[in-house]
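The values are calculated or read from the model by the stated rules, or taken from the named source; none is laboratory data. Since the model is a prediction, treat every value here as computed from it, not as a measurement. Every residue, glycine among them, receives a Cβ derived from its backbone with ideal geometry; neighbour counts consider all protein chains shown. SASA here: full protein model, heavy atoms, side chains in, ligands and nucleic acids out. Shrake-Rupley method; radii C 1.70, N 1.55, O 1.52, S 1.80 Å.
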There are 2 protein chains.
Amino acid sequence: MSLRHALLGLLSERPASGYDLLKRFETSLATVWPATQSQIYTELTKLAAGGLITVAAEGPRGRKEYAIADGGLAELRHWLTETKPQRNTRSDILLRVFFLGVLKPEQARAYLAGLVEMSEQGHEELRLLAESIDWGDDDLSVYGRIALEYGLRFNAMRREWAEWAAGQIR
Amino acid sequence: MSLRHALLGLLSERPASGYDLLKRFETSLATVWPATQSQIYTELTKLAAGGLITVAAEGPRGRKEYAIADGGLAELRHWLTETKPQRNTRSDILLRVFFLGVLKPEQARAYLAGLVEMSEQGHEELRLLAESIDWGDDDLSVYGRIALEYGLRFNAMRREWAEWAAGQIR
DNA sequence: TTCTGACATGTCAAAACTAGAAGGTCCAGC
DNA sequence: GCTGGACCTTCTAGTTTTGACATGTCAGAA
């Protein structure tokens with residue numbers, strides 16, 4: 001159900017086409033809320049049918065530019081203030097940890113070493129991204145920076161944890 | 001697709017019924033890989049049909065106790081060693097952060113304060129859980145302890161981040 | 001004896017998500 | 001002029017997940 005709110009959120013910043021939104025999902029939202037093209041177009045159609053967004057303009061190549069409607073903005077605000085976020089931590093990575101006991105200790109350590117490497121890479125990618133962006137003090141910059149900082153801290157935490165964990169085995 | 005591996009993993013520890021497994025999903029796996037009753041029973045039937053698990057015993061009230069078969073153990077090991085975990089970070093909590101700009105600063109800070117509280121609670125719950133368990137040095141203890149430590153560190157990280165983030169607004 | 005709550009499984013419809021095919025337009029550079 | 005790549009949408013067919021309904025057994029308390 002959060003996909004519709006993600007779309008409303010992006011459209012609250014500025015009007016955009018399905019294609020534009022897809023690009024946003026492939027870049028800034030990729031690690032937070034991945035969504036495929038078919039999902040996005042389907043949901044946009046539903047949102048438009050429900051009057052939460054409107055087709056503000058039509059461009060070349062059948063491009064439809066959607067804009068958020070008052071009802072959509074109200075729904076977005078409602079979601080942000082009235083509904084509780086659920087800690088939806090379905091994590092493939094951590095699930096595996098529970099079952100490392102079926103492997104030999106060196107295999108288990110290899111898995112954790114892989115996590116260290118993954119975390120290092122993730123951290124480095126975000127660091128480069130942060131460097132490449134010209135941060136202002138508008139809303140997008142402030143909250144984008146906060147989200148990115150989360151990613152940096154998360155990867156650092158996971159790296160240290162995986163290193164510690166490898167030391168716990170045998 | 002990880003649900004089947006979660007089931008295989010749990011059955012690799014000891015035989016269990018669907019009901020037993022459901023309890024495990026509601027407790028230790030709840031934060032890592034939530035699954036509903038219908039999903040569990042459906043998947044168990046499929047796994048049994050595929051010969052990855054067997055019905056080892058039948059008890060009162062139609063209870064069927066499943067045990068992992070050789071093929072299931074092989075599949076579990078294959079999953080752990082040969083397939084890459086995907087960073088499946090779909091996060092409701094973080095998604096909201098991107099759109100806090102549509103709220104008033106005090107509302108945004110309230111959201112982050114809520115995350116601080118959530119993280120403190122999560123940390124406390126895990127701390128109590130860790131205290132209540134009599135840790136040995138068997139596999140289950142070692143890897144259970146490692147997974148739990150992840151939770152502790154994660155909540156601590158998120159708490160500090162949310163406090164820092166609240167200070168970034170305005 | 002009756003009732004309650006834990007034990008135990010099965011099935012279904014709907015929603016969400018995945019993966020990809022299919023079709024078409026516009027523009028810049030060769 | 002033509003061609004490749006970016007732009008842009010729609011549709012299909014499948015799997016996974018959610019949430020609820022339906023059904024029944026057993027042990028112990030009232």
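Selection of region B:1-23 for residues being out of contact with any strand residue (DSSP E or B) (no Cβ under 7 Å at 6 or more places or on another chain), closer than 22 Å to B:H78 by Cβ and open to solvent by 60 Å² or more (accessible area, probe 1.4 Å) yields B:M1, B:R14.
All of (1) exposed (fewer than 14 other Cβ atoms within 10 Å of the Cβ); (2) at the interface with chain A (Cβ under 7 Å from one of its Cβ atoms) hold for B:D137 with one exception: (2). Residue check: A:Q121 meets all listed conditions (1) open to solvent by 30 Å² or more (accessible area, probe 1.4 Å); (2) at pLDDT 90 or above; (3) within 15 Å of A:T27 (Cα to Cα) but one, namely (3). Checking each residue in region A:22-63 for being farther than 28 Å from A:Y143 by Cα and in contact with a Leu (Cβ under 8 Å, 6 or more places away or on another chain) picks out no residue at all. Checking region B:43-51 against the condition returns a match, with at least one residue being among the hydrophobic types (A, V, I, L, M, F, W, C), over 20 Å from the mean Cα position of the chain (by Cα) and within 14 Å of DNA strand D (Cβ to nearest atom).
If the condition is being open to solvent by less than 60 Å² (accessible area, probe 1.4 Å) and more than 13 Å from DNA strand C (Cβ to nearest atom), then region A:57-73 contributes A:A57, A:E65, A:Y66, A:A67, A:I68, A:A69, A:G71, A:G72, A:L73. Among the conditions (1) more than 12 Å from DNA strand D (Cβ to nearest atom); (2) touching a residue at least 24 places away in the same chain (Cβ under 8 Å); (3) not polar (S, T, N, Q), B:G18 misses just one, which is (1). When A:I68 is tested against the conditions (1) within 30 Å of B:G114 (Cβ to Cβ); (2) within 14 Å of DNA strand D (Cβ to nearest atom); (3) touching a strand residue (DSSP E or B) at 6+ places or on another chain (Cβ under 6 Å), the lone failure is (2). Within region A:38-75, the set of residues being within 12 Å of chain B (Cβ to nearest Cβ), touching a residue at least 24 places away in the same chain (Cβ under 8 Å) and farther than 18 Å from A:R24 by Cα comprises A:G72, A:L73, A:E75. Checking A:G151, A:G167, A:G114 one by one, the residue that is surrounded by 20 or more Cβ atoms within 10 Å (Cβ to Cβ) and either at pLDDT below 95 or more than 7 Å from every other protein chain (Cβ to nearest Cβ) (or both) is A:G151 and no other.
When region B:81-110 is filtered for residues that are part of a helix (DSSP H, G or I) and either open to solvent by 20 Å² or more (accessible area, probe 1.4 Å) or more than 7 Å from chain A (Cβ to nearest Cβ) (or both), the ones remaining, listed by number, are B:T81, B:E82, B:F98, B:G101, B:V102, B:P105, B:E106, B:Q107, B:A108, B:R109, B:A110. Taken over region B:28-56, the criterion of being away from DNA strand C (no atom under 13 Å from the Cβ) and over 23 Å from B:G144 (Cβ atoms) is satisfied by B:G50, B:G51, B:L52, B:T54.
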